[in-house]
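K.L.:
Have a look at this one before I ask anything.
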Amino acid sequence: IRRIDFQRSIMRTYVLALACLGAVSAFAPNAMLPTAGIGRLGLRSGAVNLKASSVAPAHVTSKSAEIMEQAKKIMPGGVSSPVRAFKSVGGSPIVFDSVKDQYAFDVDGNKYIDYVGTWGPAICGHANEEVNEALIKALAKGTSFGAPSLNENLLAQMVIDAVPSVEMVRFTNSGTEACMGMLRLVRAYTNREKIIKFEGCYHGHADAFLVSAGSGVITLGLPDSPGVPKGAAAGTLTAAYNDLDSVKALLEANKEEGIAAIVLEPVVGNSGFIAPTKEFLQGLRKLCDEHGAVLVFDEVMTGFRIAYGGAQAHFGVTPDVTTMGKVIGGGLPVGAYGGKKEIMEMVAPAGPMYQAGTLSGNPLAMTAGMKTLEILQRPGSYEHLEKITSKLINGILDAGRAEGHEVCGNSISGMFGFFFCKGPVNNFQDAMKSDTAKFAKWHRGMLEEGVYLAPSQFEAGFTGLKHTDADIDATIAAARRVFARI
């Protein structure tokens, strides 16, 4: 009798559990579709963990693998940008089917909490309803004008009002294009050729910048890129990030012909996440003033992300010229460079420095950018980013150390990163001490747990306004299980 009662009790518990899952499914019809699980049972919400396990959840990606095999036959490496190929983390890339808010869905039906955010632009969430609504209205007017439009004026003014260094702005189609225009501009303005950049900082794939360029170049194990003429890179000098003495030495060695500009990511995102000291940024400002060089902040990644006014507003150091992209296009292709009026008036047709683009100022990109910046201005936006991102990185670091791993990391607002080394990491050379083989195992484990992170140790991660405390808790719990397995 006792055994029958016990069995009945188990059955009642089982039926109750099924009823609860049915209720979840009723409110979220996709809740029981296949997913890269959180623990042994992952719901589509991505934030429920019924039973933690040291065994990796089932993670079926056969359709992704099939598509990638086809892609390799028709596109170099099967991708349109190298880091997407998963070369440094192993395994076959995940092929996305759709994205929404803070989540990504692959072609096999797996769901992931996404911390790549299309490499930064999706700060308001993927397929944001307000942005999409504005785009639909703009789409009815045409996809491209090739002529001036009012929205260019409106977005330009929003950028000028927000970014301390920008008095005039020129729109382009990508961050790389913005940096190409910026490079030509600073050389034209100063009538000097040489620039100083920093090891591990990436400024797009223009020839002059593919010197110690970080990011995808490191991921592929290439110190530089074949096809770059010696002359194109001859005017690019490299210094160590967070090291003013290395900058002073280059300025002194080239004082006769002079340096056109000092160019940097004010927060490095392409050697992993590396924050500057404020003294370093202030020191660069002073050195540029003393030597007649232009100070350039490449804020393609940090602009409107770590603060509404970018890194320059966050740190209180104003450059002469700023490059931007990602967030200001709201998920559509865009770039921009801007700065002091006296410098920007060198750009054609106001001045002699030529730069042009068929789709520059595209009405759809301008519309998406305007709505995105409008959302970011709402009260509490950056407080939310700071809260969830600091919780995320601290939770990951605590979980790693609890399992005996040497890890270090940091975050500012909606941007973060960590390394598999004791740290601290203050520059490119420090970043290269990270255990990339261990990161690769951890990355694969997090995919299996339903968490999508950049497939490279040398890329920053991003949070957005749609990420919730439940997402962060689920991610930390998944990280803890993966740290235990590796």
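The values are calculated or read from the model by the stated rules, or taken from the named source; none is laboratory data. As the structure is a computational prediction, the values presented were derived from the model and not from experiment. Here the Cβ positions follow ideal geometry from the backbone for every residue, glycine too, while neighbour counts run over all protein chains shown. Heavy atoms of the whole protein, side chains included, go into the accessibility calculation; ligands, DNA and RNA do not. Shrake-Rupley method; radii C 1.70, N 1.55, O 1.52, S 1.80 Å.
K.L.:
Given N residues in region 279-325, what is its alpha carbon radius of gyration divided by 2.2 N^0.38 Å? Walk me through the intermediate numbers first.
P.N.:
Numbers: Rg = 10.6 Å, N = 47, 2.2 N^0.38 = 9.5 Å.
The value comes to 1.12.
K.L.:
Next question, about the same structure. When Lys and Arg each count +1 and Asp and Glu each count -1, what net charge do the other residues less than 12 Å away from Pro455, Cβ to Cβ, add up to? Before the final figure, lay out the partial values.
P.N.:
Details: positive: Arg84, Lys87, Arg444; negative: Glu459.
Combined, the nearby Lys, Arg, Asp and Glu give +2.
K.L.:
Straight-line reach from Lys194: which lysines fall under 19 Å, measuring Cα to Cα and dropping same-chain residues less than 8 apart?
P.N.:
Lys230, Lys248, Lys255, Lys286
K.L.:
In the chain, what percentage of the DSSP-assigned beta bridges are antiparallel, given to the nearest 5? Don't jump to the answer; show the numbers that get you there.
P.N.:
Details: 27 of 44 bridges.
The answer is about 60 percent antiparallel.
K.L.:
Another one. Which shape class applies to region 222-304: rounded if a/c is under 1.5, otherwise prolate when a/b exceeds b/c and oblate if not, where a ≥ b ≥ c are the square roots of the Cα gyration tensor eigenvalues? Mind showing how you got there, number by number?
P.N.:
Numbers: a/c = 1.77, a/b = 1.03, b/c = 1.72.
Here region 222-304 falls in the oblate category.
K.L.:
Pick out, in residue order, every one of the trypsin sites (Lys or Arg not before Pro) in region 60-105 that is DSSP loop and has at most 10 other C-beta atoms within 10 Å; say none if there are none.
P.N.:
Details: sites: Lys63, Lys72, Lys73, Arg84, Lys87, Lys100; in loops: Lys87.
Passing sites in region 60-105 do not exist.
K.L.:
Over region 68-187, give the accessible area per residue in Å² for a 1.4 Å probe, as an integer.
P.N.:
Working: 5680 Å² over 120 residues.
Value returned for region 68-187: 47 Å² of accessible area per residue.
K.L.:
Given Cα positions, please report Rg to Rh for region 373-465, the hydrodynamic radius being the Kirkwood one.
P.N.:
Details: Rg = 14.2 Å, Rh = 14.1 Å.
Here the Rg-to-Rh quotient is 1.00.
K.L.:
May I pose another question? Got a sec? What order do Trp442, Trp119 fall in by accessible area at 1.4 Å, biggest, i.e. largest, first?
P.N.:
Trp119, Trp442
K.L.:
Something else now. State, to one decimal in nm, how far the label point of Asn254 lies from the label point of Asp473, with both points 7 Å from Cα in the Cβ direction.
P.N.:
Here the modelled spin labels are 5.3 nm apart.
K.L.:
At a Förster distance of 35 Å, what's the computed FRET efficiency of Ile136 paired with Asp97, Cβ-Cβ distance as r, to 0.05?
P.N.:
Working: r = 21 Å, r/R0 = 0.61.
Efficiency computed from Cβ-Cβ geometry: 0.95.
K.L.:
Next question, about the same structure. Going from the alpha-carbon gyration tensor of region 268-389, what semi-axes, largest first and in whole Å, does one get by taking the root of 5 times each eigenvalue? Walk me through the numbers on the way to the answer.
P.N.:
Values: eigenvalues 118, 110, 27 Å².
Equivalent-ellipsoid dimensions as semi-axes: 24, 23, 12 Å.
K.L.:
So what is the 222 nm mean residue ellipticity for the chain from helices alone, if each DSSP H run of at least 4 adds -39500 (n - 2.57) and you divide by all residues, rounding to the nearest 500 deg cm²/dmol?
P.N.:
Values: 16 runs with 193 residues, N = 486.
Dividing the helical sum by the residues of the chain leaves -12500 deg cm²/dmol.
K.L.:
May I pose another question? Could you give each residue of region 90-107 its phi-based ³J(HN,Hα) in whole Hz, using Karplus coefficients 6.51, -1.76, 1.60 with θ = phi - 60°, and x for Gly or Pro?
P.N.:
x, x, 8, x, 7, 9, 6, 10, 7, 9, 7, 6, 9, 10, 10, 10, 9, 6
K.L.:
Sort Ser225, Ser80, Ser434 from largest to smallest accessible area, using a 1.4 Å probe on the heavy atoms of the protein chains. All intermediate terms of the calculation are to be shown ahead of the outcome.
P.N.:
Details: Ser225 45, Ser80 100, Ser434 10 Å².
Sorted by accessible area, descending: Ser80, Ser225, Ser434.
K.L.:
Using a Cα-Cα cut-off of under 19 Å, which lysines could be cross-linked to Lys422, ignoring same-chain neighbours fewer than 8 residues away?
P.N.:
Correct list for Lys422: Lys433, Lys438, Lys441.
K.L.:
Under a plain spin-label model, where a point goes 7 Å from the Cα along Cα-to-Cβ, how far apart in nm are Ala356 and Lys286?
P.N.:
4.5 nm
K.L.:
Sticking with this structure for a sec: Using label points projected 7 Å from each Cα along Cα→Cβ, tell me how many nm separate Ala58 and Arg401, to one decimal.
P.N.:
It works out to 3.8 nm between the two label points.
K.L.:
Quick one: with all protein chains in place, what share of the accessible area of the chain is carbon or sulfur, to the nearest percent (1.4 Å probe)? Present the calculation step by step, with values, prior to reporting the outcome.
P.N.:
Values: 11720 of 21280 Å².
Carbon and sulfur together cover 55 percent of it.
K.L.:
Next question. For region 239-343, which trypsin sites (Lys or Arg not before Pro) are both in a DSSP coil and crowded by at most 11 other Cβ atoms within 10 Å? Working shown, then result.
P.N.:
Numbers: sites: Lys248, Lys255, Lys278, Arg285, Lys286, Arg305, Lys326, Lys340, Lys341; in loops: Lys255, Arg305, Lys340.
Here the trypsin sites (Lys or Arg not before Pro) that fit, given the DSSP loop and packing criteria, are Lys255.
K.L.:
Additional query: Could you list the square roots of 5 times each eigenvalue of the Cα gyration tensor of region 139-268, that is, the equivalent ellipsoid semi-axes, sorted largest first and rounded to whole Å? Could the numbers behind the result be given before it?
P.N.:
Details: eigenvalues 188, 71, 43 Å².
In descending order, the three semi-axes are 31, 19, 15 Å.
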